Amino acid sequence: MSIYAPLTQLKGVGPKREEKFRGVHIETILDLLYYFPRDYEDLRTPSTFSKGRFGDPLLVKGKIIGKRRIKTKLWKCSIVDREGTIGEVSFFASDFLYPKLEVGRAYYFYGDLGFFGNQAQLTNPKFYTEGQFPKIQGIQPIYPLAKGLKQFEIEKTLELALESLGDLSEILPRPIREKYGLMDRKRAIYEMHRPTSFEDLSEARRRFIFEEFFLLQCSVFYRQGYDINLEGIPMKDQDLDPILQALPFDLTSGQARSLEEILDDLKKDKAMRRLLQGDVGSGKTMVAMLAMLFVVKNGYQTALMAPTEILASQHFQTMEDYYEKFGYKLALLTGKTSPKERKILLEDLAQGKIDTLLGTHALLEEDVEFANLGLVITDEQHRFGVDQRETFLNKGKAIHSLVMTATPIPRTYALANFGDLDLSMIDTLPPGRLPVQTKAIDKDHLHDALNFLRRELLKGHQAYVVTPLIEENESLNLEAAEKVYQDLQKEFADFRLALLHGQLSNQDKEEIMEAFNRGDIDLLVSTTVIEVGVNVPNANVMFIYNAQQFGLAQLHQLRGRVGRGKDQAYCILYNSSDTEKAWERMSIIESTRNGLKIAQKDLELRGAGDFFGTRQSGLSRFFLGDALKDQDLFQKAQKEAQVFFRRYPFSVVEKTPLGDAIKEVEALLSRT
Ligand code: ADP
Ligand code: MG
């Protein structure tokens, strides 16, 4: 059986289970084999309370000597371990377990060790009877779960897949494997799912991280037709000082460094392919403008594409004064531009009378022709597909490209999506910003929170209320938004409210945003359409309904809409669920301000498939490695791929299992 065969080829996998796996982007046997555990539990040998370390997981065998209910949904057992130490296990919200634990019997408990007073305690541990334990004893894999897929279903199906391992050939060239001491593929797959020891597990991981980097790099070369060095227009140095002096602020160190990296690239005869990453509010727009003016001063045109009209016109407003002051021509093209205006604009553009064109994906239309385009910039790039980016790049010859994002993209993903892409990071925020105070609340505190919101409005501030997200169903989203809007209209009858949602026409959206911008609206109730980039400094409260339904990175983005002025800003996360996982996610947002860390956590908690959404389906297995953390392996793999590609023509490689793997990855990449 081929490892590229669909899951249903496995005995006992029917359409129902296939469907569930599809939900986490597992379609082939290979996908499943590469669905690696997110963590492991050490259930090898039971320890004792006295040997456990605070905060670490502990496996302990203990006899129950007492059991009591503290209140509804909370009960505790006292247990004694083999050294005679008495400890406690407590269970929340799992009443059905109560009768399962019998006084006088011994069980194996596994959970994080904490203390209650000076008594050792495990909260919500897993537990096994003496009969059950031998069956699970060992290093147990924990798989990322999603969409109704259960742990045992994954394990059972994997069991079947592992039996077909006979068909799994090695894909890494032997000299490379020997040079870096990499475990062979078959054994490594086995170790990932059924580790014999933590040492072997770590060797298996190392192998796959290398494989991942190597394959991605190979497929990028393959895709580019080995054209590793793209030709570019070399720019001459320009004096940007007059422009820098005209700015109302100094650049932050992160901005200055990123700008310098960009200018260095632009001066080379190799086309720039750079990703500018910076947290929300870090000031990417200014860096973009300065880079564009640098190119304009060189006599070339530039273009910047933003995902929404609101953003595009906000960029226009930010930049127009500077362009005017220095005698350059800036123009804006969106879906809203009238046919008459558009015609004139396109003529000017083709004749080179426009220096910089800002806009939405309207820039991509075929009749938008430039005279001599030198640089294209894509803002919030994750909103655009690879095709759109490529269309944009094809508007000129040998042009430089910069993509900007506030969504921290794991380096591997960036590589996968953009090929050989260099990274600049704005890791500083403009001075004087107070961090946004973030608080997650439950139903009981909703009323207080709304009162708090009222007090801020009374001080003359504005606020955003983001309404529940209902899967990807726009009409249900709207219903939920309207419900919240009606309730709030009653609650805040003395304020000016507006409702913004995805089904409004662009013009209506724009008008509402402009009114909010002017301060004519106090409370903007909105679905997530405001998520990206909007900048209204007087708005200082972000109130998010059913926050548990949003991704962490998304919550972080939303929070970034406030805290742009000089006053203290607040983010209130109304969590209407009471699952432990939801509160855990809330507490990450409460305590973390670093977007990259948040994204990483999100990735861990949700798994890559969910994190990147269905658009990235199939790519999810490429996230074992982290090009930053595993920099050393990353560089080695990159170098080896380069050497390999120089040495062997693809016509030779093509007929090998490595060739198949490269083509498979390439196909995945072009699907995204
Ligand atoms: P983002 O990186 O999220 O796109 P913006 O470019 O919208 O951020 O910038 C956010 C705000 O910070 C804007 O109001 C901008 O004028 C301001 N800003 C940018 N750079 C600086 C700086 N160096 N010092 C002070 N304020 C700055
Ligand atoms: Mg921005």
Packing-based ranking, highest mean first, of 290-300, 114-124 given that Cβ atoms within 10 Å are counted: 290-300, 114-124
Loop-located GluC sites (Glu not before Pro) in region 1-92, at most 12 other Cβ atoms within 10 Å (DSSP): E83
Theoretical FRET efficiency, 1/(1+(r/R0)^6), r = Cβ-Cβ of Q507 and R44, R0 60 Å, to 0.05: 0.40
Relative packing of 319-329, 72-82, 205-215, which averages over residues the other C-beta atoms within 10 Å, highest first: 205-215, 72-82, 319-329
Relative contact order, percent, the chain [alpha-carbon distance under 8 Å, six or more residues apart]: 13
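Is the C-alpha gyration tensor of the chain telling us rounded, prolate or oblate? Criteria: a/c under 1.5 is rounded; beyond that, a/b larger than b/c is prolate, otherwise oblate. Spell out each step's value before the answer.
On the way: a/c = 2.19, a/b = 1.29, b/c = 1.69.
Cα axes put the chain in the oblate bin.
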Positive-pole candidate from L33, G595, S253, dipole of the chain, charges at beta carbon: L33
Equivalent ellipsoid semi-axes - Cα gyration tensor, region 289-383, angstrom: 18, 16, 13
Segment D422-D367, length gained on full extension (0.36 nm per residue, minus Cα span): 16.7 nm
Spread of Cα-to-Cα distances over 10 Å intervals beginning at zero, given as percent, for region 1-153: 10, 32, 26, 18, 12, 1
Region 174-314: Rg to Rh, with Rh as the Kirkwood radius over Cα pairs: 1.17
For the chain, with +1 on Lys and Arg beta carbons and -1 on Asp and Glu, the positive-most of M404, G84, I572 along the dipole: G84
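Go ahead and run the numbers for FRET between K566 and K353, Cβ-Cβ distance against an R0 of 30 Å, rounding to 0.05.
Numbers: r = 40 Å, r/R0 = 1.33.
Efficiency, rounded to the nearest 0.05: 0.15.
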By average C-beta atoms within 10 angstrom, highest first, the peptides 4-13, 128-137: 4-13, 128-137
Modelled FRET efficiency - R0 41 Å, R454 with K135, Cβ distances, 0.05 increments: 0.10
Amide H within-cut-off set for G551, under 5 Å, with H built and near neighbours excluded: none
Structure-based [θ]222 nm, the chain - -39500 (n - 2.57) summed over DSSP H runs of at least 4, per residue, nearest 500: -12000 deg cm²/dmol
Top positive-direction residue, dipole computed over the chain with Cβ charges, set M286, L97, I243: L97
Two-site label geometry, K490 and Q151: point separation in nm, points 7 Å out along Cα→Cβ: 4.4
Cα-only radius of gyration and Dmax that characterise region 27-102, units Å: 17.1, 51
For L423, distant residues with modelled amide H under 5 Å away: L275
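If you average 1/r over every pair of different alpha-carbon atoms in region 425-477 and take one over that average, what Kirkwood value in Å do you get? Provide the component values of the computation, followed by the final result.
On the way: mean 1/r = 0.0684 Å⁻¹.
After inverting the mean inverse Cα-Cα distance, the result is 14.6 Å.
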Cβ charges +1 (Lys, Arg) and -1 (Asp, Glu), total dipole of the chain, debye: 1940
Cα point-scatterer Debye curve for region 93-155, base-10 log of I(q)/I(0) at q = 0.23 Å⁻¹: -1.25
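On full extension of the chain, what length is gained from Q9 through Q119, given 0.36 nm per residue of separation minus the C-alpha to C-alpha distance? Present the calculation step by step, with values, prior to reporting the outcome.
On the way: separation 110, 0.36 × 110 = 39.60 nm, distance 5.23 nm.
Length gained between Q9 and Q119: 34.4 nm.
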Region 146-209 - Rg (one decimal) and Dmax (whole number), Cα, Å: 13.6, 43
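Only the coordinates and a few stated rules stand behind these numbers; no lab work does. Please read all numbers here as calculations on a predicted model, not as lab measurements. A quick note on method: Cβ atoms are made from the backbone with ideal geometry, for glycine too, and the neighbour counts reach across all protein chains shown.
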